[in-house]
Amino acid sequence: MIELSSATTSSSFPSMGLVSSPPRSVCSTTNSTSSPTVVVQTRLHKFPCQEIEKLKQKYRIQHTSCFTHLQNLINKHRIPKCRECGLDEQCRICLDCSLCLCRHHAQQHSRLCSHALAIDIKRLFVHCYICGDVQYDSVFERARRKIILLQQNSSNNSPSSSTIGGICGLLNLGNTCFMNSVLQAFVHAPVLRDCFLSEKQHHCEFQDTNHTITNCIMCQLRQLYHHVHEGQQRSNEPFVPSQLLYLIWTHENHLAGFEEQDAQELLMALFNIIHSQNSNDDVDDEKTCSCIIDRFFKGALQSEITCSQCGSVSTKNDLVRDISLQLPFASSNDECFPSSSYSLENCLWRFTHSETLSNFYCDKCQMSMSANIKLTISQAPIVACFHLKRFQYVKKSRSKMRKKISAHISFPDELDLTPYMTITNFNKDHNKYCLFAVISHFGSSVETGHYMCYVKLQLQNRWFRCDDHCVCEVSAEEVFKSECYLLFYQRMSVEPTS
Amino acid sequence: MADRNAQIRASLNAKLIESGERERMKQLLRQRLMEYGWRDQMKSYCKDIVKQKGLENITVDELVQEITPKGRALVPDSIKKEMLALLRQYLSKHEEL
């Protein structure tokens, strides 16, 4: 090891608690050391840096990548400002607690909290306060280069600020990219345009003891819509969805907090809130609810169970607002598809493929039998949301992280749902759908990853990537190559909504 | 008089940052310095210092401290003139300052 041969110390930093031998001075060229007990140097040079090694080990244990960690930290501080003094030059981000501080306060902070590592926000080099110097590490260097490359690409692609209307960025309020992506997809559903832009659709009758606009989700969404469509005049300032975030937190407690969450859970939460605030009072009749969720997103799945013994069929219809699909290779039973061709159609095929249930209690036979179960779509919604079940809870680890199945699943621009529908639905033209938004996930788990939403501007047939407050046009190729998580399709022939 | 100057400087700086002009000027400056070979000069100066002091005995901060005075002195006059001209142009366009 390098340390031993050049007579540097073993790991006896004061902060590590070992006091076996005092630090020695280092003279690399002559390889001589000063006498062991006398010299105390304030500067220590170690290669490799212990703190960096510890951090890399942490990445391995948590199954995260250095790139994702650094990228998330940078995304948190798009407008860098020192927390203590507001200075915006030469800021650094602490790798332990993600605080953004100027050089002076960063040094203070590292002493006070024993956080050794920080990255410079502009140049992305890693500074170790124990070593007292910038450290080079190949893993960090690779991550750094990747981030800089991405930054250059996005700045090359960004449209000149005043020419894009109908789209705008959303500020990240602290790991809220999961919410931002869902909002972007929602806002770009073509069928919802009329609802939010015309005046007559929503009369705010939201009765609450302290009725303010902030409690009403439809009013909040309308605010977002207006900002999106007037963005041109404001040179595309991003919208700050803090009130929406607060609304969601108060209604769905399990999503509160500044950790990264699952975007699909948020989508469902959003639907729940809209429905509960806008459903009609007739409790028993779900069919007549006129809230936008029930009008546009509600569909139905039919499950048909055929007893293998007596042949009797029991049918059940369940209302759904999205379709959650297992990935075709998730269980060991699926050898049907070669690993290179995973597609949405494969997932849908598996979803509607009949399976055998081993323990079905058949009423006719009065005993547990094996039966055939087949799921089909009995009512296809106007807006079809497909959820690819990529995240799984890792049972063994203590950290309860949701690990991700990272495989590329291809998906089409136009989708025909006819093969997956219940046979009685003969109107074939009614089942053709067109893609308008894709939420893709980057990273290896929910907690350490990042969501971005790709939306298609309908009138112009162009794709845009919405990465929190950064919106830029991208090629369709990039969209279809990404790791999709939620897919949003709208039916192509829609009856005019009155 | 000095106060008035300081005030102008502060508001000019703020305006430059707000409009993104400062960032653009910085980019231009970097490009020019590279074109004139200033970066390569500084690079070899850094190498000399590191060779002289020994790799193990120097930190990035110290290096920066060492090269800063020479770096400032070595900036070609034409670049300084160009930057000043840009600033003057900006000032004249935004007369409300």
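Of all residues in the range B:11-58, those that are touching a residue at least 60 places away in the same chain (Cβ under 8 Å), of a type in the set (A, V, I, L, M) and closer than 15 Å to residue B:82 by Cβ total 1.
State which residue is farthest from residue A:294 (Cα to Cα) when the search covers only the range A:364-394 and only residues that are surrounded by 15 or more Cβ atoms within 10 Å (Cβ to Cβ) and among the hydroxyl-bearing types (Ser, Thr, Tyr). Out of the qualifying residues, it is A:376. Name the residue that is modelled with the highest pLDDT, counting only residues in the range A:434-444 that are farther than 27 Å from residue A:194 by Cβ and assigned to a strand (DSSP E or B). Once the filter is applied, the top-ranked residue is A:440.
Residue pairs whose Cβ atoms lie under 6 Å apart, sitting 6 or more positions apart in sequence or on different chains, and linking a residue in the range A:180-197 that is under 14 Å from residue A:464 (Cβ atoms) to a partner that is in a helix (DSSP H, G or I), are A:181/A:263; A:187/A:228.
Filter the range A:95-126 down to residues that are on the phi > 0 side of the Ramachandran plot and surrounded by fewer than 19 Cβ atoms within 10 Å (Cβ to Cβ) and give me whichever is farthest from the other protein chains (Cβ to nearest Cβ). Once the filter is applied, the top-ranked residue is A:98.
Within the range A:170-188, being buried (at least 23 other Cβ atoms within 10 Å of the Cβ) and small (Gly, Ala, Ser) holds for A:181, A:185.
Residue A:92 falls short on exactly one of the conditions (1) within 18 Å of residue A:52 (Cβ to Cβ); (2) away from chain B (no Cβ under 14 Å), and that condition is (2).
Scanning the range A:106-139 for residues that are assigned to a helix (DSSP H, G or I) and under 15 Å from residue A:50 (Cα atoms) returns A:138, A:139. Looking only at residues in the range A:140-178 that are within 14 Å of chain B (Cβ to nearest Cβ) and assigned to a loop (DSSP other than H, G, I, E, B), the one that is modelled with the lowest pLDDT is A:162.
Residues in the range B:15-46 that are surrounded by 12 or more Cβ atoms within 10 Å (Cβ to Cβ) and within 16 Å of residue B:91 (Cβ to Cβ): B:15, B:16, B:17, B:19, B:21, B:22, B:24, B:25. Among the residues making up the range A:364-395, those that are more than 30 Å from residue A:431 (Cβ to Cβ) and touching a Ser or Thr at 6+ places or on another chain (Cβ under 9 Å) are A:364, A:365, A:368, A:369, A:370, A:394.
When the range B:36-60 is filtered for residues that are part of a helix (DSSP H, G or I) and either over 17 Å from residue B:76 (Cβ atoms) or within 10 Å of another protein chain (Cβ to nearest Cβ) (or both), the ones remaining, listed by number, are B:46, B:47, B:48, B:49, B:50, B:51, B:52, B:53, B:55, B:56, B:57, B:60. Considering the range A:445-494 alone, what residues qualify as being closer than 23 Å to residue A:266 by Cβ, part of a strand (DSSP E or B) and of a type in the set (Asp, Glu)? A:467, the sole residue that qualifies.
In the set A:483, A:447, A:495, only one residue is acidic (Asp, Glu) and at pLDDT 85 or above; that residue is A:483. Given the structure, is residue B:22 within 14 Å of another protein chain (Cβ to nearest Cβ) and within 24 Å of residue A:103 (Cβ to Cβ)? So residue B:22 fits the description; yes.
Here residue A:356 meets each of (1) at pLDDT 80 or above; (2) surrounded by 12 or more Cβ atoms within 10 Å (Cβ to Cβ); (3) more than 24 Å from the chain's Cα centre (by Cα) with one exception, condition (2).
Just to be sure, is residue B:49 farther than 30 Å from residue A:237 by Cα and touching a strand residue (DSSP E or B) at 6+ places or on another chain (Cβ under 9 Å)? Spelling it out, it is not the case that residue B:49 is farther than 30 Å from residue A:237 by Cα and touching a strand residue (DSSP E or B) at 6+ places or on another chain (Cβ under 9 Å).
How many of the residues making up the range A:127-138 are more than 11 Å from chain B (Cβ to nearest Cβ) and either within 15 Å of residue A:106 (Cα to Cα) or basic (Lys, Arg) (or both)? Here the count works out to 2.
The values are calculated or read from the model by the stated rules, or taken from the named source; none is laboratory data. Only a predicted model underlies this, so the values are computations on that prediction, with no experimental measurement involved. Methodologically, a virtual Cβ is constructed for each residue, glycine included, from the backbone with ideal geometry; neighbour enumeration extends over all protein chains shown.
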